[in-house]
Structure formats: structure tokens, C-alpha cells
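Note sheet for the following structure.
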Amino acid sequence: MRIYLDTNVLIRGMERTDAGAGEVGRLIEFAERDRLELVTSELTLSEALVSPIKLGNDILVTAYLNLLTDDPIFELLPLTRDILIESSHIRARSS
């Protein structure tokens, strides 16, 4: 099973300590046990880095970079025009 994690979900898992963060942590644990694949886009990488860079939090910047670019549990997908158009169609149908 593949699960796409959007920026807000990833940030919650990395930066918060509430129940929602725990759920994201469990998804990561399942991925580490090869029970599911986690995917996100290059846009997520860009969005997730804004606040840590602004705050000068180099440790969190490095954590995001390591998780999204070096860790095999995440597949970082390119954001293409076709993907953007398809996502617009999905949003139009579901909202």
C-alpha cells in the first residue's frame, strides 16, 4: 500500500507532540517494517523547510532533508504539470 503524506501531515509528525503526531509516527514505523510505502512530492520538501529555515533551526532542516531525500522509507516524487492538473480534477470532484 502506498500512502501520500502532504506537507501539513509531515510537519505535524515532525514538529508536534499531540495525538496526530503519534499517528504519523506509526505510519513511519509501518514503512520502516516494509508494510507500506510513503510518498510525497518535492513541493512538500520546499514547504516543510520554510519555517525551520526562517527560525534558523538547522537541526530540523537537516532532519527534513535526511528524511525526504536520503531515507529509503520515503519516495520523493517530482511535481509535474500533469500531476497539478490531475490534482485539480480530484479536488474539484471531492470538494
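Every number here is computed from the coordinates shown, using simple stated rules; none is lab data. Note that the structure is a prediction, hence the values are computed from the model and not measured. Here the Cβ is made from the backbone with ideal geometry for all residues, glycine too, and neighbour counts use every protein chain on show.
Tabulated data for the structure shown
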{"item": "Tally, over the range 60-95, of residues that are part of a helix (DSSP H, G or I), among the β-branched types (Val, Ile, Thr) and in contact with a helix residue (DSSP H, G or I) (Cβ under 8 Å, 6 or more places away or on another chain)", "result": "2"}
{"item": "Members of the range 34-51 that are under 14 Å from ASP71 (Cβ atoms) and out of contact with any helix residue (DSSP H, G or I) (no Cβ under 7 Å at 6 or more places or on another chain)", "result": "ASP34, VAL39"}
{"item": "Number of the condition not met by ILE59 [criteria: (1) over 16 Å from the mean Cα position of the chain (by Cα); (2) surrounded by 13 or more Cβ atoms within 10 Å (Cβ to Cβ); (3) hydrophobic (A, V, I, L, M, F, W, C)]", "result": "(2)"}
{"item": "GLU29 closer than 14 Å to TYR4 by Cβ and either part of a strand (DSSP E or B) or of a type outside the set (Lys, Arg) (or both)", "result": "no"}
{"item": "Hits in the range 62-95 (condition: under 14 Å from TYR4 (Cα atoms), under 15 Å from the mean Cα position of the chain (by Cα) and of a type in the set (S, T, N, Q))", "result": "none"}
{"item": "Failed item in (1) surrounded by fewer than 16 Cβ atoms within 10 Å (Cβ to Cβ); (2) under 11 Å from the mean Cα position of the chain (by Cα), with VAL9 passing the rest", "result": "(1)"}
{"item": "Cross-chain or 6+ apart pairs with Cβ under 9 Å, the range 45-64 first and touching a residue at least 40 places away in the same chain (Cβ under 8 Å), then surrounded by 15 or more Cβ atoms within 10 Å (Cβ to Cβ) and among the aromatic types (Phe, Trp, Tyr)", "result": "ALA48/TYR64"}
{"item": "The lone exception for GLU47 - which of (1) under 24 Å from MET1 (Cβ atoms); (2) under 11 Å from the mean Cα position of the chain (by Cα) it fails", "result": "(1)"}
{"item": "Matching residues in the range 28-37 - criterion: being at negative phi and free of Cβ contacts under 8 Å to residues at least 40 places away in the same chain", "result": "GLU29, PHE30, ARG33, ARG35, LEU36, GLU37"}
{"item": "Flag if THR40 is touching a residue at least 24 places away in the same chain (Cβ under 8 Å), of a type in the set (Ser, Thr, Tyr) and in a helix (DSSP H, G or I)", "result": "no"}
{"item": "The range 16-27 residues that are free of Cβ contacts under 8 Å to residues at least 60 places away in the same chain, paired with ones that are outside any helix (DSSP H, G or I) (beta carbon under 9 Å, 6 or more apart)", "result": "VAL24/LEU5; VAL24/ARG16; LEU27/ILE3; LEU27/LEU5; LEU27/LEU36; LEU27/LEU38"}
